[in-house]
Amino acid sequence: GTSAAAGQVLGMPPVVAVAGSPPRGESTLWQHPFVDVFKAFGVDAEGCAEKKGDVQDELDRQICKRVFRIRGMVSANNYLLIPGPQAPAKSLGLTGEYIYLHLKAVGCKYFLVHLDLSVATISSFRITLSNMYSEVKASYHTLQCPLVLGSDWTVVCLHLPSALSLTFRLPKHAGVLKSVQICASVIVRNVYTSDTRYTLDSMPREMRLDFQHGCEGVIDWIDVPMDSRVEEAEFATSPAAVDGAGPSTSEPPSTVGAALAARTIAEAARIPDPLLKVTRLVGVSQHTRRLAEAPGGSLPRRFAVFAHSSRERDGHVWHGNGVSAR
């Protein structure tokens, strides 16, 4: 067109909407049909992403693709953050209704995935996916969703409007993804955003998790939130349903993940709940982990718990490490 020709005369390349390319200008056309977050925002470029702690870049032999293995005892000290604090873009600015994550569990260890968004008039809203949670908990600024991964590679499909509807206070179509933080311990292949509801069969080639020849395995699929009513409503408004093209399987959306849901419950049973039982409260302290001189009374907001152990120190029998809580 005229604008493209003018750009070539001035020595500037024309603006082209390509899936996975970084944003140029205010238009969101570049986000269609999908965005490869790791590629578009330079997970390897210096300063564009923050890799803190034990974050290893390696080749997964099963899918023959490059992955990031994030390990560590403390999630807050071992993570991959996009964009990083030194990145030119302070926000991803992604508007896709669906967020797809390629994840694989590291044994039965815990992990956290933080998705920070701007929602309507709220400057900061966080959705956290983790196997540390047993139920959905929502507040005005946070949403915690349980996510238990199996031993196979899993495509996690988060539908933002459905997730935001669980808060009962926020509009369904006003979320913009600002950042993604993946914390230990988990293996991540990539993150994508799109306005299209994909399935394992309809995914574009760039988004697929294909196994290398000779390697066996199953690709799991988890919808978040896992609610049949949400999934049915979600599919009813999806482009595929509007165009008359149904899902790739003959089963309705509410039953596609039934077998996986049963497996998820079985995997969750392997994680001890509760993790710790305190039989006796010895003392509390508001600022440190040291034993309070005068225990008793109401507990402060920030405190430390000390449990009995068989180890003796300073003439008393204490546990070596206090368990902090808020």
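The values are calculated or read from the model by the stated rules, or taken from the named source; none is laboratory data. Computed from a prediction, not measured in an experiment: that's the story for all the values here. Glycine also receives a Cβ, built like all others from the backbone with ideal geometry; neighbour counts cover every protein chain displayed. Just so you know, the surface numbers come from the protein's heavy atoms only, side chains and all, with ligands and any DNA or RNA stripped out. Shrake-Rupley method; radii C 1.70, N 1.55, O 1.52, S 1.80 Å.
Miscellaneous remarks
- Test set (1) more than 20 Å from Ile82 (Cβ to Cβ); (2) part of a strand (DSSP E or B) - Leu177 fails condition number: (1)
- Subset of segment 86-135 (residues that are touching a Leu at 6+ places or on another chain (Cβ under 6 Å), touching a residue at least 40 places away in the same chain (Cβ under 8 Å), farther than 15 Å from Ile70 by Cα and hydrophobic (A, V, I, L, M, F, W, C)): Leu92, Leu94, Ile99, Leu117, Val119, Phe125, Leu129
- Scanning segment 123-140 for residues that are more than 15 Å from the chain's Cα centre (by Cα) and open to solvent by less than 10 Å² (accessible area, probe 1.4 Å) yields no hits at all.
- Residues of segment 29-51 satisfying the condition of being surrounded by fewer than 16 Cβ atoms within 10 Å (Cβ to Cβ) and not hydrophobic (A, V, I, L, M, F, W, C): His32, Pro33, Asp44, Glu46, Gly47
- Pair list, Cβ < 6 Å and 6+ apart or interchain, from segment 64-79 residues that are of a type in the set (Gly, Ala, Ser) to residues that are assigned to a strand (DSSP E or B) and surrounded by fewer than 20 Cβ atoms within 10 Å (Cβ to Cβ): Gly72/Asp54
- For segment 113-135, the criterion of being in contact with a helix residue (DSSP H, G or I) (Cβ under 7 Å, 6 or more places away or on another chain) and under 16 Å from Phe34 (Cα atoms) is met by none of the residues.
- Filtering segment 74-119 to residues that are open to solvent by less than 30 Å² (accessible area, probe 1.4 Å), under 23 Å from Pro161 (Cα atoms) and of a type in the set (Ser, Thr, Tyr) leaves Tyr98, Tyr100.
- Some residue of segment 176-185 being of a type in the set (A, V, I, L, M), in contact (Cβ under 8 Å) with a residue 40 or more places away in the chain, surrounded by 15 or more Cβ atoms within 10 Å (Cβ to Cβ) and under 13 Å from Thr154 (Cβ atoms): no
- Residues (part of a strand (DSSP E or B) and aliphatic (A, V, I, L, M)) located in segment 62-76: Val67, Ile70
- Of everything listed in (1) free of Cβ contacts under 8 Å to residues at least 60 places away in the same chain; (2) part of a strand (DSSP E or B), the single unmet condition for Val155 is (1).
- Note on segment 77-113: residues that are aliphatic (A, V, I, L, M) and outside any strand (DSSP E or B) total 4.
- Pro22 loosely packed, with under 15 Cβ neighbours inside 10 Å, at pLDDT below 95 and under 22 Å from the mean Cα position of the chain (by Cα): yes
- Residue identified as of a type outside the set (Asp, Glu) and farther than 30 Å from Asp57 by Cα among Ala89, Ala105, Ala138: Ala138
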